[in-house]
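Working notes, structure below.
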Amino acid sequence: MRRTSLRGVAVATATVGLFAGTINAVAAAGSTDAGSAAGYAPGLVAAMERDLGLSAAEAVDRLAVQETLADTQHSLEKSLGASYGGAWVEGADALHVAVTDAAEAATVRAAGATPVTVDNSLTALDAWTADLDGALSSSDVTSYHVDVETNEIVVDVVEGATADVAAAVAEAGVPASAVSLTEATERPRTFADVIGGEAYFIDGSARCSVGFAVTGGFVSAGHCGSVGSTASEPSGTFEVSEFPGSDYSYVSVDSDTPVGVVDDWNGGTVAVEGSTPAAVGASVCRSGSTTGWHCGTIEALNATVNYAEGTVTGLIQTDVCAEPGDSGGSLLAGSQAQGMTSGGSGNCSSGGQTFFQPVGEALSAAGVDLLTN
């Protein structure tokens with residue numbers, strides 16, 4: 001990718017001590033023993049070994065550390081208020097927290113994280129991103145998101161459209177110093193049109209993947225079916241569906257019993273224990289009916305994607321691969337539900353980028369609760 005920066009001021013970073021040490025890992029020779037002993041599903045640990053190049057003990061250790069970092073992140077977000085500029089994980093255990101007020105660095109250090117002084121608060125970046133929603137809906141833009149590490153809005157554009165998009169940013173009143181333009185190599189697409197593998201079917205033809213079990217049914221992707229569409233295996237009806245804008249759906253089931261677990265494609269399941277959002281840089285794994293388990297890292301939160309069918313906002317951007325038919329499938333950070341597969345680019349042979357609809361928005365829209373085990 002080729003990036004054109006519109007920023008006029010460099011981000012100032014602090015080099016403060018990182019987290020010292022990690023949670024004790026389970027020293028076991030096999031991923032099944034290590035994962036089970038630490039309370040994680042063997043299939044989840046095995047997928048992290050394969051996709052992230054970790055040993056079983058390292059995978060278990062990382063999951064445990066990330067749970068601690070997530071708690072620290074959310075606590076600091078509340079205490080820092082308007083000064084909060086976002087957070088991300090570097091390496092296995094280093095939580096960085098951005099602040100616009102250098103005086104708040106002490107608060108961040110006291111919590112065990114590394115402070116980074118930036119120009120823009122996360123509230124300001126999110127507000128400018130909302131200002132761009134109408135201005136960047138053209139086919140020249142494939143996606144855009146807030147990059148908390150560089151403290152700017154990154155806009156992915158098609159080749160040759162940089163000047164036009166820069167003009168659109170200026171017209172929307174968003175500061176050029178807060179925006180960076182990157183030429184995209186491939187346009188994202190939805191993953192709903194390939195048949196095969198364990199899944200549910202829509203109107204007897206199209207195939208998608210179940211996201212998470214909820215009261216009375218399950219949530220999935222909105223582009224999989226519209227309100228009134230029928231689902232089979234499991235059988236049910238689309239009661240709520242939003243796409244574009246967002247990409248979620250709620251399917252009420254007829255006689256099947258929803259269970260708060262996710263298929264780990266290794267002969268077992270991963271128990272869902274909650275839906276605490278993970279930070280940028282956190283390791284996550286996806287389950288889908290075409291390609292099974294695949295893992296990677298959260299690249300950005302609150303990303304916007306311009307599909308051919310329309311614009312979707314508020315997505316989780318990752319470097320996890322996915323393919324058609326995986327749409328609607330589950331994204332987990334350890335045992336915490338994160339979102340449902342929306343779309344992306346690439347594949348699981350050469351690698352790719354995938355966006356996910358946060359699960360919380362779907363639960364709120366449908367008025368249902370996540371089932372946990």
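For the chain, the Kirkwood hydrodynamic radius comes to 21.0 Å, computed from all pairs of different C-alpha atoms. Backbone amide hydrogens, once placed in the peptide plane, bring SER235 within less than 5 Å of ASP254, SER255, ASP256, excluding anything fewer than 5 places away on its chain.
Evaluating 6.51 cos²θ - 1.76 cosθ + 1.60 at θ = phi - 60° for every residue in the stretch 96-110, the Karplus couplings come out as 9, 10, 8, 9, 8, 9, 4, 5, 7, 4, 4, 5, 5, 4, 4 Hz, glycine and proline recorded as x. Heavy-atom accessible area for ASP369, with the other protein chains in place and a 1.4 Å probe, reaches approximately 100 Å².
Between the alpha-carbon centres of the stretch 226-273 and the stretch 144-191 there is a gap of 33 Å. Across the options VAL146, ALA110, THR123, the greatest Cα extent toward the positive end of the charge dipole of the stretch 104-150 (unit charges at beta carbon of Lys, Arg, Asp, Glu) belongs to ALA110. Legend: calculated FRET efficiency, ALA172 to ALA308, from the Cβ-Cβ distance at R0 = 30 Å, rounded to 0.05, equals 0.85. Relative to the Cα centre, the charge distribution of the chain, modelled as +1 at Lys and Arg Cβ and -1 at Asp and Glu Cβ, gives a dipole magnitude of about 440 debye. Here the stretch 222-373 is treated with +1 on each Lys and Arg Cβ and -1 on each Asp and Glu Cβ, and its dipole about the Cα centre works out to around 260 debye.
Just to be sure I understand the rule: take each whole DSSP H helix in the chain, project its Cα atoms onto its long axis, keep it if the span is 30 Å or more and its mean Kyte-Doolittle hydropathy is at least -1.0. Which ones pass?
Span-like helices, by this rule, are 56-80.
Cysteine residues of the chain whose Cβ has no partner cysteine Cβ closer than 4.7 Å: none, as each one has such a partner.
Peptide packing: for 220-232, 107-119, 263-275, 313-325, the average count of neighbouring Cβ atoms within 10 Å per residue gives the ranking 313-325, 220-232, 107-119, 263-275, highest mean first. Here the dipole of the stretch 159-310 is about 160 debye; that uses its Cα centre as origin and unit charges on the Cβ of Lys and Arg (positive) and Asp and Glu (negative).
Net length available on complete extension from ALA82 to SER229 is 48.6 nm, with 0.36 nm assigned per residue and the Cα-Cα distance removed.
The calculated FRET efficiency for the pair ARG109 and SER205, based on their C-beta separation and a Förster distance of 56 Å, comes to about 0.50. FRET efficiency for the pair ASP256 and THR276, taken as 1/(1 + (r/R0)^6) with r the Cβ-Cβ distance and R0 = 30 Å, rounds to 0.65. The HN-Hα couplings worked out from phi for the stretch 308-317 by the Karplus form 6.51 cos²θ - 1.76 cosθ + 1.60 (θ = phi - 60°) are 4, 7, x, 8, 10, 10, x, 8, 8, 9 Hz, whole numbers, x standing for Gly and Pro. Helical runs assigned H by DSSP (4 residues or longer) give the chain a calculated mean residue ellipticity at 222 nm of -6500 deg cm²/dmol, each run adding -39500 (n - 2.57) before division by the residue total.
The values are calculated or read from the model by the stated rules, or taken from the named source; none is laboratory data. The shown structure was predicted, so the numbers you read here are calculated from the model rather than taken from an experiment. Using ideal geometry, Cβ is built from the backbone for each residue, glycine included, and neighbour counts are taken over all protein chains shown. Ligands, DNA and RNA are excluded from the accessible area calculation, which covers all protein heavy atoms including side chains. Shrake-Rupley method; radii C 1.70, N 1.55, O 1.52, S 1.80 Å.
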